[in-house]
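The values are calculated or read from the model by the stated rules, or taken from the named source; none is laboratory data. What you see is a predicted model, and the numbers here were worked out from it, not measured in a lab. Here the Cβ is made from the backbone with ideal geometry for all residues, glycine too, and neighbour counts use every protein chain on show.
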Amino acid sequence: MTNLLDPNAVPEDFRAGFVSLVGRPNAGKSTLTNALVGEKVAITSSKPQTTRHTIRGIVHRDTFQLVLVDTPGLHRPRTLLGQRLNDLVAETLGEVDAVGFCIPADERIGPGDRYIAGQLALLNRRPVVALVTKTDKVKPDQVAEQLLAVTALGDEVLGPENGGAGFAAVVPVSAVKGHQVEDVAEVLAGQLPLSPPLYPGGELTDEPEAVMVAELIREAALEGVRDELPHSVAVVVEEMNPREGRPADRPLLDVHANVFVERDSQKAIIIGKGGSRLKAIGSQARTSIERLLGTPVYLDLRVKVAKEWQRDPKQLGRLGF
């Protein structure tokens, strides 16, 4: 592996840059980010709209460095939160070198995909690579059919009539099975400028630890809940400090976090009968946090109601949006 800390060890044709993965909610962006990086840097869930922060996953190879910017699913907004998430996507896309447009193989191209393609057509001709995700969920002939449909979408919306040349490439991938993940990395890297590495070799993300810890807690809270709940859950880490007086060989990190929902009925869902669900959330989150930070963790979770926070500018600001 190239020593990315030694400029003299980097080949002359080394490429580095920022790539944003976009797509409608639940298109497989976060799962693909984690597969490319090789570690969990983005939260995943079967529920749509789980990503709310841009999380940079850094992919290191001998000849390139991909800095992946994972975004919320781009969609027509229905709330102030939805509009702010879309604004976040637009801001991110204005700063990247290339875009990976995730379209699942197991769903027909719909209005949401066309809306996103139209937005991508406005990006001053930045290269867009179409990534047909979740190929493990369908048969090979269905994958082939989707590849043709995606290519046609690119020609229609990003083609010569709109001043472009269609998609720079169309790549099928299964992040879950690891099928063609490396092909995706190579194709995306081919769209980047010649550049020395942007980050040291050991770094996998530049997200603050407190933000990643909050995301892991929210991921645990989203497991097995009703469809409307993911949009209503926010997590804020209030404190994260090493416990004083512990011996050096037995450290313990104290993490105190608040889980916010919008209604009392949602609070009851998160807590569960006799606190059983909150206990399970804490156990799952603690395991993930310990894996991320490499140290034992004491996790204290409190569930609070912030009424209609998705529509309240002041509360959105307090919750980090």
Can you report the number of residues in region 158-199 which are in the same structural domain as T63 (by TED's automatic domain parsing) and of a type in the set (F, W, Y)?
1
With the requirement that a residue be surrounded by fewer than 21 Cβ atoms within 10 Å (Cβ to Cβ), modelled with pLDDT of 90 or more and of a type in the set (S, T, Y), what does region 172-220 give you?
S195
Take L148 and tell me if it is touching a residue at least 40 places away in the same chain (Cβ under 8 Å), of a type outside the set (S, T, N, Q) and assigned to a helix (DSSP H, G or I).
no
Filter region 280-298 down to residues that are exposed (fewer than 14 other Cβ atoms within 10 Å of the Cβ), part of a helix (DSSP H, G or I) and modelled with pLDDT under 85, then give me how many there are.
1
For G166, all conditions in the list (1) without any contact (Cβ under 8 Å) to a residue 24 or more places away in the chain; (2) at negative phi hold save one; what is the number of the exception?
(2)
Restricting to region 144-168, give me the number of residues that are over 12 Å from A117 (Cβ atoms) and crowded, with 19+ Cβ neighbours inside 10 Å.
2
Quick check, is V143 of a type in the set (A, V, I, L, M) and out of contact with any Ser or Thr (no Cβ under 9 Å at 6 or more places or on another chain)?
no
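Which ones in region 116-145 are of a type in the set (S, T, Y) and either in a loop (DSSP other than H, G, I, E, B) or in contact (Cβ under 8 Å) with a residue 60 or more places away in the chain (or both)?
Pass one, region 116-145, residues of a type in the set (S, T, Y): 133, 135.
Answer for region 116-145, where residues must be of a type in the set (S, T, Y) and either in a loop (DSSP other than H, G, I, E, B) or in contact (Cβ under 8 Å) with a residue 60 or more places away in the chain (or both): just T133.
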